[in-house]
Each structure stands twice: as structure tokens, then as C-alpha cells.
Amino acid sequence: MLTVRNLRKTFVTPQGSLEAIKDVSFQVEKGEIFGVIGFSGAGKSTLIRCLNRLEEPDSGQIFINGRDITLLAGQSLREARKKIGMIFQHFNLFDSRTVWKNISFPMEVARLPTREIAKRVEKLLEVVGLVDKADAYPAQLSGGQKQRVGIARALAMEPELLLIDEATSALDPLTTRSILKLLQDINRQSGVTVVLITHEMDVVRQICHRVAVMEEGRLVEMGDVQEVFNEPKSKTTQLFLQQMIFNSKENDKNSSSAGIERAFGARSGPCEGAVLIGEVNRYAG
Amino acid sequence: MQDDLWLLLLTGTEETLYMVALSTLLAILLGLPLGVTLVVTAPGHVLPVPTVHKFLGALINATRSFPFIILIVILLPLSRLLVGTTLGATAAVIPLAIGSAPFLARIIENCLKEVELGKVEAAIAMGAQPMEIVAKVLIPEATASLIRGLTLAIITITSFTATAGAIGAGGLGSLAIRYGYLRYRDDVMLATILTLIILVQGMQWLGNRVALAVEHRRYRFK
């Protein structure tokens with residue numbers, strides 16, 4: 001579905017040039033969730049931004065459904081982008097628009113008929129569980145709710161490819177879980193192909209089918225999630241694994257479900273808590 | 001205090017408001033396209049044309065370098081051409097508008113630049129055209145700060161009208177100079193200044209209220 005071949009990108013700054021992507025190639029099958037994990041500065045963001053040409057690659061090819069999008073320009077590029085959804089770390093919602101109007105934005109841009117827009121917005125609000133927030137403004141939402149709007153907006157044009165740029169990095173662990181669950185459900189139901197980048201091991205473990213590890217602009221490891229994590233070859237993968245083991249030990253120490261409920265209660269606020277506490281209880285046993 | 005004071009004040013205020021309103025309107029018509037063009041043609045923005053960007057920037061700076069009173073004198077022939085006279089409120093509107101348009105353009109540029117680039121990128125990623133991004137993202141997202149900036153510009157234009165009053169434009173400024181200064185009418189001087197203070201306070205108050213009303217922020221600083 002997605003094929004990237006020999007992608008290169010160098011940023012030229014007055015301080016010198018920086019090779020952000022050094023000859024990257026990979027393939028993603030239709031319906032797959034493909035994760036790219038790496039530390040800050042590894043080139044993940046540049047890589048995913050090249051896929052819809054928010055960043056202009058220097059060389060290489062990017063085929064989406066057989067069409068090389070590096071060759072597109074102007075209107076044909078804009079048309080191609082309408083079929084590529086993108087979700088951002090900082091949501092990038094339009095503060096002057098209500099939730100409803102944020103979700104309708106890509107469809108307004110694509111000039112869909114008003115009735116069709118209304119129909120899809122209603123449906124998307126249900127999918128992301130924000131029916132009662134249709135007329136709220138982003139400033140009135142929690143982080144998790146904002147990202148749900150971001151997801152609905154990215155799905156509005158029924159994309160073939162969904163790009164997820166650190167979607168959960170600005171969210172707390174519980175909200176992260178609920179967002180990941182939502183993304184997973186969407187992937188299962190619609191069969192949309194997903195490329196996500198993250199620096200969180202848990203994200204990869206929870207929803208990715210395959211993973212690539214990025215280090216200094218190169219993909220140093222790639223394969224099924226189990227495979228890569230069972231036999232880590234690169235330094236980056238080993239470091240991530242160590243970090244995860246450390247985290248899970250910490251969790252074992254603190255994670256009685258009562259503790260989590262208490263912590264959640266103390267934070268208060270009628271947010272997405274109820275569902276999550278149940279989920280976390282099941283998870284923690 | 002003499003009987004003619006109220007009449008003088010009333011006519012003066014009327015003329016000032018007329019000049020401010022009309023020249024603000026014209027300044028927006030000139031300054032908004034100028035400001036928007038300045039922003040979108042900047043390198044890396046949605047319609048990058050660096051030469052246009054640089055040219056407009058230089059043009060705005062050049063216009064803004066003129067002391068306002070000199071700009072009026074230079075533009076007097078243009079007023080004569082367009083309005084038929086160089087005297088009175090309508091004739092003053094031409095230099096007022098041209099003098100304040102570049103200032104307004106810079107304010108608009110600043111407001112639009114404050115819109116987070118991430119929002120613009122989101123719109124690009126959704127396949128929006130440059131002009132759609134201006135109309136549906138940049139301007140709506142900057143509305144509150146645009147209104148605050150416009151308030152700033154209107155108040156500056158109000159003080160410009162006083163300068164214009166010194167060379168035949170009419171309005172409160174002219175009143176203060178002709179009566180208050182040249183004829184030693186302290187009552188007129190005082191009344192004019194008080195009226196201007198009230199006018200400016202009112203404009204700022206209104207600007208703040210409108211800006212607050214269109215803003216959807218979590219925390220509202222009054």
C-alpha cells in the first residue's frame with residue numbers, strides 16, 4: 001500500500017547541514033499499523049512529514065497505492081493529501097471553530113455537499129465518543145478529548161493512509177490507553193493503513209503490527225513487534241527495552257487498582273475516567 | 001465659558017469621527033490585502049514569493065518613515081485630484097488612509113504570524129488551498145488579536161486627525177489649535193482634550209469588549 005524507497009532529506013542551516021533522513025526504505029501493507037520508534041532527533045518526525053510532503057524530501061520515492069506522490073504538485077498534490085489523514089502531537093485544532101466545525105473542515109475544503117458533511121460529522125462524533133461536545137470549543141476540552149477531535153478530523157475524508165505524529169506524547173498514561181484503543185478499533189473496523197511515530201515503547205507494544213527502529217536518520221531494525229523486541233539488535237532498541245522494564249517494575253510497585261482510582265479521583269473532573277478505571281482495573285487484575 | 005463652545009465641540013467631534021471612520025475603512029481596504037500578502041509570500045509560508053515579500057516590506061517601511069505631517073503635505077495634490085480640495089475633513093481622509101494603511105498592514109502581519117504554524121500545517125495536510133488557509137484558518141484564528149490591533153490603529157488614526165487638523169483638516173485637533181492655541185481659548189483647549197480622552201477611552205473599551213466576545217479562550221484576561 002505504501003512503499004518508501006531510498007528517501008533522503010538534509011536540512012541546510014547557517015550552522016551547517018543536518019542529514020535528517022539517510023536512505024530510508026520500507027513497505028507498509030494495506031490495513032497494517034506500522035510503527036517507527038526512536039529517540040528525539042532520530043528523524044522520525046521528518047520521515048512521517050515527508051509522507052504527505054509537509055516536508056520536501058531531497059530524493060527517493062514514496063508510492064501510495066502505486067502512485068509516486070513525490071512527483072505531484074499543486075492541485076494533484078492537494079487531492080492526494082485529502083486521502084491522507086494526519087494526527088498531530090499538539091492536536092492543531094482550530095480554536096475559533098467548534099468541535100463540529102473542526103471535524104467538518106477537511107470536508108468543507110473538499111467541497112462535499114452540506115448534507116453529506118452533516119451526516120459524516122454526526123457519525124464521527126459517535127465514533128470518537130464526543131456527541132455531547134459537538135458545540136464546544138477546543139479550549140473547553142481536555143487533552144484526550146482534543147485528540148479525539150483530531151482523530152475524527154483526520155478520518156473525515158475516509159483516508160487510505162493515516163499518519164500519526166506522536167499522537168499520545170502530550171497525554172497522560174490513562175488517556176493514552178484510551179486513545180490507542182480508539183485508534184486500534186478504527187483500524188480494525190475501517191481497515192485504514194496506519195503509519196505512526198512515537199518515542200513510547202508502550203504505543204508500539206499495544207497497537208503496532210510491525211515496527212521499525214530509527215537511529216540517526218536510518219532504520220536500523222525492522223520487523224514484527226514481537227520479533228524485534230525479543231531479539232533486539234540495535235543500541236536504540238536495547239535502550240528502549242531497558243526503559244520499559246524499568247517502567248513496569250515501577251508500575252508493579254504502585255499499581256493497586258485502588259491507588260489508581262484514588263489518583264484519578266484526586267485529579268477529579270468528569271472526563272474519560274469511568275471507562276478507563278474499569279479498563280485499568282481489568283488490566284491491573 | 002462661552003456659548004459657542006458646545007457647538008464647536010459638537011462639530012469638531014463629528015468631523016473627527018467622520019475622518020476616523022472613513023480613513024479607517026479605507027486603511028483596512030488597503031492594509032488588509034497588504035498585510036495578508038506580506039504574510040503568505042514570506043519564505044516557507046503558503047504562497048512563498050520572497051521578492052514580493054521583500055518589496056512590500058520595504059514599501060511599508062518607506063511609507064512609515066515619513067513624519068505624518070510631511071506625508072500629508074506630499075499627498076495634498078492627490079487629495080485635490082480625488083476630492084477636489086485640500087481643505088476640510090474629506091480631503092484629510094486621503095492622507096490619513098494612506099498614512100495609516102502601512103501601519104495597519106504591519107499590525108495585521110503580526111496578528112497573522114501569531115497563528116500557530118501547526119494549524120496552518122494541519123490545513124495544508126488536509127489539502128486546503130492557500131487562499132482557503134487565509135480565509136478559513138489565518139483570519140478566523142487571529143480575529144481577536146486583529147480586533148485588538150485594529151483598536152490600536154483606530155486610536156492612532158484619531159491622533160493623526162489632530163495632526164491633520166493643524167493644516168486645515170477640521171475636527172477636534174483643528175479646534176484645539178485654532179481656538180485653544182491661536183486664540184488663547186483655554187476653555188476650548190481643555191474641552192477638546194477631555195473629549196479626545198473620552199473618545200479614546202470609549203474606543204479602547206469597545207475594542208476590548210468585542211475582542212473578548214469573539215475569543216474562545218480558556219482563561220479570559222480582561
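The values are calculated or read from the model by the stated rules, or taken from the named source; none is laboratory data. Quantities reported herein were computed from a predicted structural model and do not represent experimental measurements. Glycine gets a Cβ as well: all are built from the backbone with ideal geometry, and neighbour counts include every protein chain shown. Areas reflect the complete protein model, heavy atoms only, side chains present, ligands, DNA and RNA absent. Shrake-Rupley method; radii C 1.70, N 1.55, O 1.52, S 1.80 Å.
Here B:VAL200 passes the criteria (1) modelled with pLDDT under 90; (2) surrounded by fewer than 18 Cβ atoms within 10 Å (Cβ to Cβ); (3) in a helix (DSSP H, G or I) except the one numbered (1). Residues considered: B:MET131, B:MET189. Of these, the only one that is part of a helix (DSSP H, G or I), open to solvent by 50 Å² or more (accessible area, probe 1.4 Å) and within 14 Å of chain A (Cβ to nearest Cβ) is B:MET131. Only one entry of B:ARG183, B:ARG209 meets the criterion of being open to solvent by 50 Å² or more (accessible area, probe 1.4 Å) and not in a helix (DSSP H, G or I), and that entry is B:ARG183. Scanning the stretch A:106-142 for residues that are away from chain B (no Cβ under 14 Å), among the small types (Gly, Ala, Ser) and outside any helix (DSSP H, G or I) gives A:GLY129, A:ALA134.
Table: residues versus (1) in a helix (DSSP H, G or I); (2) closer than 13 Å to A:GLY31 by Cα; (3) open to solvent by 20 Å² or more (accessible area, probe 1.4 Å).
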position: A:GLY144; (1), (2), (3): yes, no, no
position: A:GLN147; (1), (2), (3): yes, no, no
position: A:GLU158; (1), (2), (3): no, no, yes
position: A:ILE164; (1), (2), (3): no, no, no
position: A:THR168; (1), (2), (3): no, no, no
position: A:LEU174; (1), (2), (3): yes, no, yes
position: A:ARG177; (1), (2), (3): yes, no, yes
position: A:LYS181; (1), (2), (3): yes, no, yes
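Okay, residues lined up against (1) touching a Gly at 6+ places or on another chain (Cβ under 7 Å); (2) among the charged types (D, E, K, R):
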residue	(1), (2)
B:LYS119	no, yes
B:ILE139	no, no
B:ALA142	no, no
B:GLY165	yes, no
B:SER174	yes, no
B:GLN201	no, no
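Assess whether B:ALA164 counts as being part of a loop (DSSP other than H, G, I, E, B), away from every other protein chain (no Cβ under 11 Å) and open to solvent by less than 50 Å² (accessible area, probe 1.4 Å). No. Among the residues of the stretch A:65-89, those that are assigned to a helix (DSSP H, G or I), within 11 Å of chain B (Cβ to nearest Cβ) and among the polar types (S, T, N, Q) comprise A:GLN75, A:SER76.
Taking only the stretch A:225-238 into account, find how many residues are open to solvent by less than 70 Å² (accessible area, probe 1.4 Å) and touching a residue at least 12 places away in the same chain (Cβ under 8 Å). Number of matching residues: 6. Based on what the data block shows, is B:LYS113 within 11 Å of chain A (Cβ to nearest Cβ) and of a type in the set (D, E, K, R)? Here the answer is no, as B:LYS113 does not meet what is asked.
For the stretch A:47-74, the candidate set comprises residues that are among the β-branched types (Val, Ile, Thr) and out of contact with any Pro (no Cβ under 9 Å at 6 or more places or on another chain); within that set, the residue that is farthest from A:THR3 (Cα to Cα) is A:ILE48.
Could you tell me whether any residue of the stretch B:199-209 is within 14 Å of chain A (Cβ to nearest Cβ), without any contact (Cβ under 8 Å) to a residue 12 or more places away in the chain and under 22 Å from the mean Cα position of the chain (by Cα)? No, the conditions are met nowhere in the stretch B:199-209.
Determine whether A:ALA42 is open to solvent by less than 20 Å² (accessible area, probe 1.4 Å), under 26 Å from A:CYS208 (Cα atoms) and not in a helix (DSSP H, G or I). Taking the combined requirement at face value, the residue satisfies it.
Screening A:ASN102, A:ASN92 for residues that are within 11 Å of chain B (Cβ to nearest Cβ), part of a loop (DSSP other than H, G, I, E, B) and either under 26 Å from B:HIS216 (Cβ atoms) or among the basic types (Lys, Arg) (or both) leaves exactly one candidate, A:ASN92.
Taking B:GLY173, is it crowded, with 23+ Cβ neighbours inside 10 Å, away from every other protein chain (no Cβ under 14 Å), in contact with a helix residue (DSSP H, G or I) (Cβ under 6 Å, 6 or more places away or on another chain) and assigned to a helix (DSSP H, G or I)? Yes. Taken over the stretch B:95-128, the residue count meeting the criterion of being part of a helix (DSSP H, G or I) and either free of Cβ contacts under 8 Å to residues at least 24 places away in the same chain or among the charged types (D, E, K, R) (or both) is 11.
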